[in-house]
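The values are calculated or read from the model by the stated rules, or taken from the named source; none is laboratory data. Keep in mind the model is a prediction, meaning the values are calculated, not measured. Methodologically, a virtual Cβ is constructed for each residue, glycine included, from the backbone with ideal geometry; neighbour enumeration extends over all protein chains shown.
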Amino acid sequence: MGINTEKTNMPFEIKDCALISRMAGIDTAINLRELRERLLICPVECLFHHFSETLIRPTFDDPEYRNDFAIWASRNLRDRVLAERLGIINPYALDSFETLRAVLVDIVDERLSEVPFIPWVEKGEDFRFMRAVTVVFHTHRKLFAPEDLRSQLSRMSLSSIYYHFVEARRRTEDGSDDFTAWLAGFGTGTGVMIDALKGIDFYFLTLFELKRQLISVLERATSAEPTYEKST
């Protein structure tokens, strides 16, 4: 069965990606005050790397926190209070990553006002500000109709899911994911699918959990869209 849409659209090219990480070119932080100073000047790409690219980094394995600042506060500064405050931040609930920078500085300032001395880390445990380049690969697979998205999601790699649903939000004008932008190009007829995608609170999910939820919500959404019988 096909979904009734207002118009046709260009095929969706499924892509994959990998990260090449490198130092950001600013000094490391060995205590909480230095972390504050570096947060004020680090490139916004650093904030994206330490908050969003953790999803796709193979070395990231923390089950409790989704961003590197919270993990450093917990493991290295051994400041559980600070870690909890940093760990609940969802950058996609904020206007921009510059707003995220301001939130981080406010949290650090608040903690500095509470502690009797500035927390330091042991030698070799300093926070290293990193950034990454996203290398994009063509998979030579395409989607032609809205219902193809639902049927092909299970075949997509986790890094494809990351590229099209998370990383895409840096590239689209309205901060939406690639799937939503493509579905919108069909005009009326894909509204239920678009609403389903927009309803996913994805930041605290692993990529495996996100993929499973995408499949689930789109299965329900496509069954609710008006359909027609495809000719053979």
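Which condition number in (1) out of contact with any Phe, Trp or Tyr (no Cβ under 7 Å at 6 or more places or on another chain); (2) hydrophobic (A, V, I, L, M, F, W, C); (3) under 19 Å from Asp68 (Cβ atoms); (4) modelled with pLDDT of 95 or more is the one that Phe127 fails?
Exception for Phe127: condition (1).
Only one residue in Phe127, Phe186 is within 30 Å of Val81 (Cα to Cα) and either among the aliphatic types (A, V, I, L, M) or touching a residue at least 12 places away in the same chain (Cβ under 8 Å) (or both). Which one?
Phe127
Residue under question is Pro146, and the condition is that it be touching a residue at least 24 places away in the same chain (Cβ under 8 Å) and not assigned by TED's automatic domain parsing to the domain that holds Arg75; does it hold?
Spelling it out, Pro146 is indeed touching a residue at least 24 places away in the same chain (Cβ under 8 Å) and not assigned by TED's automatic domain parsing to the domain that holds Arg75.
How do the helices (runs of 4 or more DSSP H) wholly within region 1-92 filter down when requiring 2 or more residues that are at positive phi and at pLDDT 95 or above: which remain?
Where helices (runs of 4 or more DSSP H) fall fully within region 1-92, none carries at least 2 residues being at positive phi and at pLDDT 95 or above.
Tally the residues that are more than 19 Å from Leu47 (Cα to Cα) and of a type in the set (Lys, Arg), restricting the search to region 161-200.
Total meeting the criteria: 1.
I'd like to verify a number: residues in region 181-192 that are in a helix (DSSP H, G or I) and either more than 17 Å from Pro11 (Cα to Cα) or β-branched (Val, Ile, Thr) (or both), how many?
2
Return the residues of region 109-144 that are buried (at least 18 other Cβ atoms within 10 Å of the Cβ) and under 30 Å from Ile3 (Cα atoms); say none if nothing qualifies.
Within region 109-144, just Leu143 meets the criteria.
Please go through region 94-113 and give me each residue that is free of Cβ contacts under 8 Å to residues at least 12 places away in the same chain and either farther than 24 Å from Val44 by Cα or among the aliphatic types (A, V, I, L, M) (or both), ordered by number.
Selection gives Leu94, Ala102, Ser113.
Just one of Ala221, Ala181 is surrounded by 13 or more Cβ atoms within 10 Å (Cβ to Cβ), out of contact with any Leu (no Cβ under 7 Å at 6 or more places or on another chain) and free of Cβ contacts under 8 Å to residues at least 24 places away in the same chain; which is it?
Numbers: Ala221 fails: free of Cβ contacts under 8 Å to residues at least 24 places away in the same chain.
Sole residue among the options that is surrounded by 13 or more Cβ atoms within 10 Å (Cβ to Cβ), out of contact with any Leu (no Cβ under 7 Å at 6 or more places or on another chain) and free of Cβ contacts under 8 Å to residues at least 24 places away in the same chain: Ala181.
What about Phe165, is it closer than 26 Å to Ile3 by Cα and in contact with a Leu (Cβ under 8 Å, 6 or more places away or on another chain)? Walk me through it before giving the result.
On the way: closer than 26 Å to Ile3 by Cα: yes; in contact with a Leu (Cβ under 8 Å, 6 or more places away or on another chain): yes.
So Phe165 passes the test.
Taking the stated definitions as given, is Ser176 polar (S, T, N, Q), out of contact with any Cys (no Cβ under 8 Å at 6 or more places or on another chain) and surrounded by 15 or more Cβ atoms within 10 Å (Cβ to Cβ)?
Working: polar (S, T, N, Q): yes; out of contact with any Cys (no Cβ under 8 Å at 6 or more places or on another chain): yes; surrounded by 15 or more Cβ atoms within 10 Å (Cβ to Cβ): yes.
When the stated conditions are applied, Ser176 passes them.
Identify all residues within region 93-115 that are part of a helix (DSSP H, G or I) and of a type in the set (A, V, I, L, M, F, W, C); write none if there are none.
So in region 93-115, the residues part of a helix (DSSP H, G or I) come out as 93, 97-114.
Within region 93-115, Ala93, Phe97, Leu100, Ala102, Val103, Leu104, Val105, Ile107, Val108, Leu112 qualify.
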